[in-house]
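Read through the structure below, which is laid out as structure tokens, and then see the notes.
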Protein chains: 2
Amino acid sequence: MSSRNLADFLSVNPAQIRKDFSYFGDFGTRGVGYNVETLIREIKKILRLNVVHKAALVGVGNLGSAVLAYPGFAVYGFDIAAVFDNNPKKIGRKVRGITIESASNLNVLKKRKINIGIITVPQDAAQETADALVRADVRGILNFSPCCITVPKKTKVITIDIGMDLARLPYYMPTG
Amino acid sequence: MSSRNLADFLSVNPAQIRKDFSYFGDFGTRGVGYNVETLIREIKKILRLNVVHKAALVGVGNLGSAVLAYPGFAVYGFDIAAVFDNNPKKIGRKVRGITIESASNLNVLKKRKINIGIITVPQDAAQETADALVRADVRGILNFSPCCITVPKKTKVITIDIGMDLARLPYYMPTG
DNA sequence: CTATGTGAATTTATTCACAGCA
DNA sequence: TGCTGTGAATAAATTCACATAG
């Protein structure tokens, strides 16, 4: 696969492809091109997706259930290994083979070496959930609440705000 | 509010703030700064968020229900005015005051002047849903399926792939 | 011959620095 | 005086173009 092929596929300049890769190493073969499997392996290594990452999901409402049902986490090597909620009726029940635990027990993540948290609780519980995750030594958080949560600098937060994503659409919609 | 204040808030350079605004007009007052309400109004106008946009949601599963429950669409002037599903058991029922209609009826969107579609159907139904939305003259699509859907150039698609968002985390998580 | 990898050239983005207005 | 708006200066990103390896 040549840089030209890849560039066409992504609608960018071939030189962009070659230069970007070159910052990380010599992945191609002159006169031949790139081996796609090698590329995937190298890119996964760069993004640290070459190992399995255990994640915990907090909040088994509609959104949490939808996230649990999401296909494609496995593709990137994610394993949702624990699920929490604060509703006594849900605690103890199983979703997708995982027993729902009490949200007041988030500290067990430390012991279980789970260091990614996914927040799918209602907006007003988002900050306290983040705080608990930080106390449990989680180092990365995927936040689905449409609010800014505050965490120490050592913790990386990625927020998905559906409203903001939708808000990008009208700009690209010509008339009306 | 000065460009310095805004810049500190966003951790960027004050000149960046001033230059970016200047591309769209003179929003500030020399010696004084910017009026925040004016800024919000102007930015909304630029992004075409100064009018109400009607949207239709297709697929009332966990994800669809979660999206419907999302607070914050109203903030940007979105109004989910129609909801569709292909499950006969769901059609006719109400969610949040809106009656679920048959997904085979998407053409009514044309008549009702709804031109944004939100796809929350299972992955294997995403493309056909997109096709139906395009036929109904929708001009913007928010796609929650982790797959590339193909649409004519006139239609703008924004895809939210939770797996990809999560995949960005490990790179920022130092050790482990 | 083909297609990479990379300095050089070019284009784009950011920041500086200051004239001009409130 | 204080802060915007903006040309000029600087920095960064993209693209060109070609020597070089297969």
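Read-outs throughout are calculated quantities, based only on the coordinates presented, and are distinct from any laboratory measurement. The model shown is predicted, which means the values in this text are computed figures rather than measured ones. Positions of Cβ are generated from backbone atoms using ideal geometry, with glycine treated the same way; all protein chains shown enter the neighbour counts.
Only helical DSSP H runs with n ≥ 4 go in: add -39500 (n - 2.57) per run for chain B, normalise by residue count and round the 222 nm mean residue ellipticity to 500 deg cm²/dmol.
Values: 7 runs with 55 residues, N = 176.
Value at 222 nm, helices only, nearest 500: -8500 deg cm²/dmol.
Kirkwood Rh over alpha-carbon pairs of chain A, then Stokes-Einstein at 37 °C and 0.692 mPa s: what D in µm² s⁻¹, rounded to an integer?
174
Would you work out the relative contact order for region B:1-116, in percent, from Cα pairs under 8 angstrom that are 6 or more residues apart?
Over region B:1-116, the number comes to 20 percent.
Between the label point of residue A:25 and that of the same position in each other copy, find the distances and list them shortest first in nm, with every label point placed 7 Å from Cα along the Cα-to-C-beta direction.
In nanometres, ordered from closest: 5.2.
What ³J(HN,Hα) values, in whole Hz, does the Karplus curve 6.51 cos²θ - 1.76 cosθ + 1.60 give for region B:156-167 when θ = phi - 60°, with x put for Gly and Pro?
These are the phi-based 3J(HN,Hα) values: 9, 10, 10, 9, 10, 10, 3, x, 5, 4, 4, 5 Hz.
Amide H neighbours of residue B:55 under 5 Å, counting only residues 5+ apart in sequence or on other chains, H built in-plane at 1.01 Å?
So residue B:55 has HN proximity to B:79, B:80, B:81, B:82.
Place the label 7 angstrom along Cα→C-beta at residue B:104 and in each other copy, then list the distances from the first to the rest in nm, shortest first.
Going from nearest to farthest copy, the values are 5.2 nm.
Could you give the radius of gyration (one decimal) and Dmax (whole number) of the Cα atoms in region B:41-94, in Å?
That works out to 13.8, 45 Å for Rg and Dmax.
Suppose we keep just the alpha-carbon trace of region A:4-46; what are its Rg and Dmax in angstrom?
Cα radius of gyration and Dmax of region A:4-46 are 10.0, 25 Å respectively.
With a cut-off of 8 Å between alpha carbons and a minimum separation of six or more residues, what is the relative contact order of region B:69-112 in percent?
Values: 37 pairs, mean separation 13.5, N = 44.
After rounding, I find 31 percent.
Over region A:52-131, what portion of Cα pair distances is larger than 16 Å, expressed as a whole percent?
Details: 1473 of 3160 pairs.
Considering region A:52-131, 47 percent of its Cα-Cα pairs are separated by more than 16 Å.
So which lysines pass the test for residue A:45, namely a Cα distance under 28 Å, with those fewer than 8 places away in the same chain ruled out?
By straight Cα distance, residue A:45 reaches A:19, A:54, A:110, A:111, A:113, A:153, A:154, A:156.
Per 10 Å bin from zero, what fraction in whole % of the C-alpha pairs of region B:28-67 is there, up to the bin with the longest pair?
P(r) for region B:28-67, in whole percents per bin: 24, 26, 23, 17, 9, 1.
Straight distance only, please: which aspartates and glutamates reach the Cα of residue A:44 with their own Cα at less than 18 Å, same-chain residues fewer than 8 apart left out?
Reachable aspartates and glutamates: A:20, A:26, A:79, B:161, B:165.
Give me the Kirkwood hydrodynamic radius of region A:1-98 in Å, from all C-alpha pairs, to one decimal place?
Numbers: mean 1/r = 0.0604 Å⁻¹.
Kirkwood hydrodynamic radius for region A:1-98: 16.5 Å.
To the nearest whole number, what is the average tally of beta carbon atoms from other chains within 10 Å of the beta carbons of peptide A:65-71?
6
Would you kindly work out, in nm and rounded to one decimal, the distances from the label point of residue A:7 to those of the same position in each other copy, ordered shortest first, with label points 7 Å along Cα-to-Cβ?
3.7
Give me the percent of Cα-Cα pairs in region A:82-176 that sit more than 20 Å apart, rounded to a whole number.
On the way: 1976 of 4465 pairs.
More than 20 Å apart: 44 percent of the Cα pairs in region A:82-176.
Nearest 20 debye, what's the magnitude of the dipole of chain A about its Cα centre given +1 on Lys and Arg Cβ and -1 on Asp and Glu Cβ? Don't skip to the end; give the middle numbers.
Values: 24 positive and 14 negative charges, 125 e Å.
Dipole magnitude for chain A comes out near 600 debye.
Would you compute the Debye intensity of the protein assembly as shown from its alpha-carbon atoms alone, equal scatterers and no solvent, and pass along log10 I(q)/I(0) at q = 0.07, 0.08, 0.09 Å⁻¹ to two decimals?
The Debye formula, applied to the Cα set alone, gives -0.37, -0.49, -0.62.
Could you tell me which of B:169, B:152, B:127 has its Cα farthest along the dipole of region B:127-176 towards the positive end, charges placed at Cβ (Lys, Arg +1; Asp, Glu -1), taken about the Cα centre?
Ranked along the dipole, the leading option is B:152.
Just to be sure I understand: of the beta bridges DSSP finds with both ends in chain A, what percent are antiparallel, rounded to 5?
15
Please state the charge dipole magnitude for the protein assembly as shown, taken about the Cα centre, from unit charges on C-beta atoms (+1 on K and R, -1 on D and E), reported in debye and rounded to the nearest 20. If you can, show how the numbers build up before the last one.
On the way: 48 positive and 28 negative charges, 13 e Å.
Computed about the Cα centre, the dipole is about 60 debye.
Dipole of region A:73-145, Cα-centred, from +1 at each Lys and Arg C-beta and -1 at each Asp and Glu C-beta, to the nearest 20 debye? Could you put the intermediate results ahead of the total?
On the way: 11 positive and 7 negative charges, 74 e Å.
Dipole size: approximately 360 debye.
Which residues' amide hydrogens lie under 5 Å from the amide hydrogen of residue B:141, considering only partners 5 or more residues apart or on another chain, with H built in the peptide plane?
Those qualifying (amide H under 5 Å, at least 5 residues apart or on another chain) are B:117, B:156, B:157, B:158.
What average number of partner chain Cβ atoms lie no more than 10 Å from the Cβ of the residues making up B:128-139? If you can, show how the numbers build up before the last one.
Values: counts 0, 0, 0, 0, 0, 0, 0, 0, 0, 0, 1, 7.
Shielding by partners across B:128-139 averages 1.
Each residue of region A:29-39 in turn: what ³J(HN,Hα) in whole Hz from Karplus with 6.51, -1.76, 1.60 and θ = phi - 60°, glycine and Pro shown as x?
So the J values, rounded to whole Hz, are 10, 4, x, 10, x, 10, 8, 4, 5, 4, 4.
Count, for each residue of B:154-166, the Cβ atoms from other chains sitting within 10 Å of its Cβ, then give me the mean as a whole number.
On the way: counts 2, 2, 7, 2, 6, 1, 4, 2, 9, 9, 3, 5, 15.
Average per residue, whole number: 5.
Please work out how much length the chain gains when fully extended from residue B:45 to residue B:98, using 0.36 nm per residue of separation minus the C-alpha to C-alpha distance, in nm with one decimal. Walk me through the numbers before you get to the answer.
Values: separation 53, 0.36 × 53 = 19.08 nm, distance 2.89 nm.
Length difference between fully extended and current span is 16.2 nm.
Below 8 Å between Cα atoms, with a sequence gap of 6+, how large is the relative contact order for region A:86-176 in percent? Kindly include the intermediate steps, with their values, before the conclusion.
Working: 112 pairs, mean separation 18.6, N = 91.
20 percent.
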